[in-house]
Amino acid sequence: MDEKKERLEKLLTQVVADLAREKDVSLPDDFCAQLERPRHEGHGDWATNTAMQLTKRFGMPPRDLASEIASRLRTVPGGDLIEKIEIAGPGFMNITLKSAWVADLIADILAKRDDFGRCNIAWGKKVQVEYVSANPTGPLHIGHARGAVVGDILSSVLEFCGWEVGREYYINDAGNQMELLGRSTQARYFALLGREAEAPFPEDGYQGDYLTDIAQSILDAQGKSLADKPLAETLPLFTDESYRQILATFRKDLGDFGVLFDVWFSERSLYDGDEVEKSIAALKERGFAYDQDGAVWFKSTHFGDDKDRVMIRANGVPTYFTSDVVYLKNKYDRGFDYLIYVWGADHHGYVPRMKSVNEAFGGKDEAFVVVLIQFVSLLRGGVPVAMSKRAGSYVTLREVLDEVGPDAMRFFLAMRRCDSHLDFDLELAKKSSSDNPVFYVQYAHARICSILREVAARGVAMPAITRLDVSVLTDPTEAALVKTLSRFPEEVAKAGTELAPHRMAFYAQELAESLHAFYNAQRILGVEEDVMNARLLLVEATRVVLRNVLRILGISAPEKM
RNA sequence: GCGCCGGUAGCUCAAUUGGAUAGAGCAUCGGACUACGGAUCCGAAGGUUACGAGUUCAAAUCUUGUCCGGCGCGCCA
């Protein structure tokens, strides 16, 4: 299908160029006639608005120009794969191909199977996707879950588009927050012993119950003796144990959620070698860093920032910003051509600064991409649930996962475009009923499997692809299903270039809808043999594509429900 | 105050990046298999795309002004 589209586009471009030469009209140097999917049913396989775009240059009404182009297109060599051309509306050309392409498409799907829909728009380049990267100071909540799903699906989409993808989690295991975490747990430990006065809970400490649990586990493992040592001496133990335990739950929760990483990158590890010194030296060499007032500064004003930013404080301690600077350089040093950061929208103010850093290191502008994820409003039966990490009263990823299950949760979180707010109603998502779109999609898959089981039970053999006669597929629902199937590679490519994973969720629903409509309109078994064979192959092709899109979404494709 | 993201059907959201009659799902109403799974299908109703002005063959989309909602502006992370 794609090759046919390209051939048609070349043909169209050629025809327009010839016409322009004859009429002595100039075309833009980079002119290329573009075909697109018609928006409405029954408008053919491809459409173009070329005539409308050129109406001014040719000085002709779009309708007349379209007719002129269409009549030439039919007669030009290679135009024989066109069944018909219709001029519609204000000058659209709707092109219908001869039906041989349907047989090609189904054969293509059944030959490529799991690989159908793959493309190579990356040319073997390496991209890193960094996502979640939540501070290991408290449980993952629903906002993290959205970032996790978006990052995960985006990575899968990019892999399907031919990228070599590195999935990475950045662990913020350095800095003040870690110390605060340790002190919070330490205070809980003393509280368990009834000795709060000796280690009061920090004013802005982490208040969730999970720290009491961790304190209890330390008490179980180490006994009471830690309370008799100086606070400063035992603090690292509390810090590290809290961090270790919380990170372990992150791995478990995300793993159960189907979100896996190639690398869990430790912020602390940036400080093991001389990477920090090297990074700062590199910036100074380029004139983007300097010393002043005992601190080291990044010259962000050069890139339009209000003021320069501190990298190393006067007391010698690096800022969080410095870690990100070194980390960015580290990513490039590891050979990634493109860097994608999936961040919460509350970090948007930080984006220009990091773009500056990218530029300061000589990185290409388009190589540094931030996908901002808007907030998730969590509702319970229509009533907003407060989410405050500090207060510790929020709904965790784990709770939602246990209530809703990974499939429905992933689908709900992937359904919206990243830059719009998302309402997630627990009561709604918990309902395993018909208004849950994930069941709709999975049911389509299960339904096909059920048909294939029935085929086997009746002793009918799956026909060979060579037996396919597409001329019997005349029903509108069959045509619609074929067209939806043919769109899959484009949708994957679009989702990849636009970094828009929600497209996959929408496509999955559309494909399921096409299948259900076809199923209700026509019978597959118990009809004339040629028709049955064609429909069986069509349905099998649909199953393959459904499975592929569900695999990208990270959602199971059940054979029974 | 400055900046970023939104505002589309009663609700939650799409819209091939400037193209045709702005589309889906819930919810509402009315219909559909004695046969492959009714967790399905078909139909109806629902719109001044927050509001005004501008740009052109063409605007939900671009420019600009205003209004509303969310978020961000530390030698915190």
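The values are calculated or read from the model by the stated rules, or taken from the named source; none is laboratory data. As the structure is a prediction and not an experimental result, all values here were calculated from the model. We place every Cβ from the backbone using ideal geometry, glycine too, and count neighbours over all the protein chains shown. Keep in mind that these areas ignore ligands, DNA and RNA; they rest on the heavy atoms of the full protein, side chains included. Shrake-Rupley method; radii C 1.70, N 1.55, O 1.52, S 1.80 Å.
List of remarks:
- Accessible surface of the stretch A:398-456, 1.4 Å probe: 51 percent of it comes from carbon and sulfur atoms.
- Here is how the number arises for chain A: DSSP H runs of 4 or more residues each give -39500 (n - 2.57), the sum is divided by the residue count, and the result at 222 nm is -16000 deg cm²/dmol.
- Percentage relative contact order, the stretch A:56-196, counting C-alpha pairs under 8 Å, at least six apart: 19
- P(r) histogram, all alpha-carbon pairs of the stretch A:426-536 included - 10 Å bins from 0, percent: 13, 35, 33, 16, 3
- All distinct Cα pairs of the stretch A:1-81 go into the 1/r average, and the inverse of that average, the Kirkwood radius, is 13.2 Å.
- The stretch A:321-338-the stretch A:279-316 distance, computed between alpha-carbon centres (Å): 17
- Based on Cα contacts under 8 Å between residues 6+ apart, the stretch A:127-249 shows a relative contact order of 31 percent.
- Using the Cβ of residue A:94 as centre and a radius below 12 Å, the other residues enclosed give a net charge of -2, where K and R count +1 and D and E count -1.
- When the convex hull of its Cα atoms is viewed from all sides, chain A shows a mean projected area of 33.8 nm².
- Ranked packing of A:354-367, A:26-39, most packed first, by mean Cβ within 10 Å: A:354-367, A:26-39
- Amide H contacts of residue A:135 (H built 1.01 Å from N, in plane; Pro and chain starts excluded): no residue 5 or more places away or on another chain comes under 5 Å.
- In the context of the full set of protein chains, the stretch A:393-472 has a per residue accessible area of 46 Å² (1.4 Å probe).
- Within the stretch A:84-189, antiparallel bridges make up roughly 50 percent of the DSSP beta bridges whose residues both belong there.
- Considering only chain A, percent of DSSP beta bridges that pair antiparallel, nearest 5: 50
- When the Cα positions of A:32, A:300, A:124 are compared along the charge dipole of chain A, A:32 comes out farthest toward the positive end, with charges on each C-beta of Lys, Arg, Asp and Glu.
- Whole-angstrom gap from the stretch A:417-469 to the stretch A:185-229, using each part's C-alpha centre: 50
- Between residue A:427 and residue A:198, the distance separating the two model label sites (each 7 Å from Cα on the Cα→Cβ line) works out to 4.9 nm.
- All other residues whose Cβ lies under 15 angstrom from that of residue A:316 are scored, Lys and Arg at +1 and Asp and Glu at -1, for a net of -2.
- Nonlocal amide H pairs with residue A:266, under 5 Å, H built at 1.01 Å: A:171
- 0 to 90° range, to nearest 10: angle between helix A:231-256 axis and chain A longest Cα axis: 20
- Fraction of beta bridges assigned by DSSP in the stretch A:258-392 that are antiparallel (%, nearest 5): 60
- The stretch A:202-310: trypsin sites (Lys or Arg not before Pro) falling in loop per DSSP and having at most 10 other Cβ within 10 Å: A:307
- Dipole in debye (nearest 20) - the stretch A:16-86, about Cα centre, beta carbon charges: Lys, Arg +1; Asp, Glu -1: 200
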